[in-house]
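Data block below; observations after.
The values are calculated or read from the model by the stated rules, or taken from the named source; none is laboratory data. Just so it is clear, the model here is predicted, and its values are computed rather than measured. Cβ placement follows ideal geometry from the backbone for every residue including glycine, while neighbour counts extend to all protein chains displayed.
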């Protein structure tokens, strides 16, 4: 075998020329540099890109090796570099998306398969006991009941609309497992969202509140939820997220029903709900769509609340949120969050770049 | 020595080993090993990992290692480096591993 000299380089993502070179290389391999990528490397030979790979938080993605240079350990080099970078950022639990035909390659690089969806995507993680450990934790809350249901909420922030939905769902079942989306990519951090929900539903004895972590609507299972770019990826990711729920989470807790609020506005969430209705019944899980709460003819939504907050109309917020949220918003703890909302150009979720402090910017 | 956090050393390139060291709540050295030569050298690799850890006084630990055919001295060095990162120790225990 000929000896080649390969040079490894971190890509300055804000350097247009460097970025374009990687994008071009990826395009040749039917991939694109996804919007939420916050760290990329490339391997060059004589100034030409021969391999590349990226990180988006704790997810390795956009990995490609020129077939001409395969079998020289380049994929290993790319993955090693990405894993080392993630670890140095304190991200220890890593995930990777790949095509089924490449799953074997990544399993040699220390990744374990979680699930495969028909669209030809496999999700893998870097620890053999990742999802099983999460399920073991969940199973502690398993209780037998006539009807065990579930609801997943982001609550950015917790509104009367959420409270209404949760109350309605809780009344219609014996035990309700509520998952709070755990990704720290909404304006309100996960701990705050979790605490407000928890306090706001205290009067409902049959609701168990859980942290969604990596396996429910997260940067891992459903990144487009946070980027809000409606494209074909939404379809695949919805499917993947819902399949993980159906195959692992629901059986762990004996969940037979999932509640969801109607989604008139957001196409991504709308799509997700649609997929849920198609897929879940096949796993013996009923999907019930509940009409959302309207106040004075307007549907209550967290994005509406954030809009008012952006325009400093706290008096208008008061009507839309439970007391617990209102009190929080008026407290000192909310100062930094309100400031963040004030600085936002619009849209509810902040982009990957803003709060993933990669080294590159 | 006490492990404060997860430490990692090494790469997945040929002739190297990627070692990840995590603190564990209970006594014991748990080794999850993958190796391209596990049939021939699995036991030997485990022995080097646990001996190196014992020498450093680490006995509550989970080790995840992915070996790509590393030599014994490389395994030892990678384990030491991972430990030093996991303990956050400034103390230097570098010396010639084997000559």
Evaluation of residue A:143 against (1) surrounded by 15 or more Cβ atoms within 10 Å (Cβ to Cβ); (2) modelled with pLDDT under 90; (3) away from chain B (no Cβ under 14 Å); (4) farther than 24 Å from residue A:234 by Cα (one fails), failing number: (1)
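Does at least one position in the range A:148-171 carry a residue that is closer than 30 Å to residue B:22 by Cα, buried (at least 16 other Cβ atoms within 10 Å of the Cβ) and touching a residue at least 12 places away in the same chain (Cβ under 8 Å)?
Filtering the range A:148-171 for residues closer than 30 Å to residue B:22 by Cα gives none.
No; the residues of the range A:148-171 include none that is closer than 30 Å to residue B:22 by Cα, buried (at least 16 other Cβ atoms within 10 Å of the Cβ) and touching a residue at least 12 places away in the same chain (Cβ under 8 Å).
Going residue by residue through the range B:86-95, is there one that turns out to be in contact (Cβ under 8 Å) with a residue 60 or more places away in the chain, within 21 Å of residue A:87 (Cβ to Cβ) and not in a loop (DSSP other than H, G, I, E, B)? Break it down into steps so the answer makes sense when it comes.
Let us first name the residues in the range B:86-95 that are in contact (Cβ under 8 Å) with a residue 60 or more places away in the chain, namely B:86-89.
Imposing the further condition that a residue be within 21 Å of residue A:87 (Cβ to Cβ) reduces the set to B:86-89.
Among the residues that remain, those that are also not in a loop (DSSP other than H, G, I, E, B) are: B:86-87.
Yes: one or more hits.
Given the condition touching a strand residue (DSSP E or B) at 6+ places or on another chain (Cβ under 9 Å) and in a helix (DSSP H, G or I), answer yes or no: does some residue in the range B:25-39 qualify?
Residues of the range B:25-39 touching a strand residue (DSSP E or B) at 6+ places or on another chain (Cβ under 9 Å): B:25-38.
Those left that are additionally in a helix (DSSP H, G or I): B:38.
Yes, the range B:25-39 contains a residue that is touching a strand residue (DSSP E or B) at 6+ places or on another chain (Cβ under 9 Å) and in a helix (DSSP H, G or I).
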So residue B:21, is it in contact with a helix residue (DSSP H, G or I) (Cβ under 7 Å, 6 or more places away or on another chain), more than 14 Å from chain A (Cβ to nearest Cβ) and either modelled with pLDDT of 95 or more or crowded, with 21+ Cβ neighbours inside 10 Å (or both): no
Qualifying positions in the range A:88-103 - within 14 Å of chain B (Cβ to nearest Cβ) and either assigned to a loop (DSSP other than H, G, I, E, B) or modelled with pLDDT of 90 or more (or both): A:89, A:90, A:91, A:92, A:93, A:94, A:96
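Do we have residue B:12 as within 13 Å of chain A (Cβ to nearest Cβ), out of contact with any helix residue (DSSP H, G or I) (no Cβ under 9 Å at 6 or more places or on another chain) and without any contact (Cβ under 8 Å) to a residue 60 or more places away in the chain here? Give the derivation first.
Values: within 13 Å of chain A (Cβ to nearest Cβ): yes; out of contact with any helix residue (DSSP H, G or I) (no Cβ under 9 Å at 6 or more places or on another chain): no; without any contact (Cβ under 8 Å) to a residue 60 or more places away in the chain: yes.
Taking the combined requirement at face value, the residue does not satisfy it.
For every residue, the table says whether it meets (1) more than 17 Å from residue A:123 (Cα to Cα); (2) part of a helix (DSSP H, G or I); (3) within 26 Å of the chain's Cα centre (by Cα); (4) within 14 Å of chain B (Cβ to nearest Cβ).
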residue: A:51; (1), (2), (3), (4): yes, no, no, yes
residue: A:62; (1), (2), (3), (4): no, no, yes, no
residue: A:68; (1), (2), (3), (4): yes, yes, no, no
residue: A:79; (1), (2), (3), (4): no, yes, yes, yes
residue: A:84; (1), (2), (3), (4): yes, yes, yes, yes
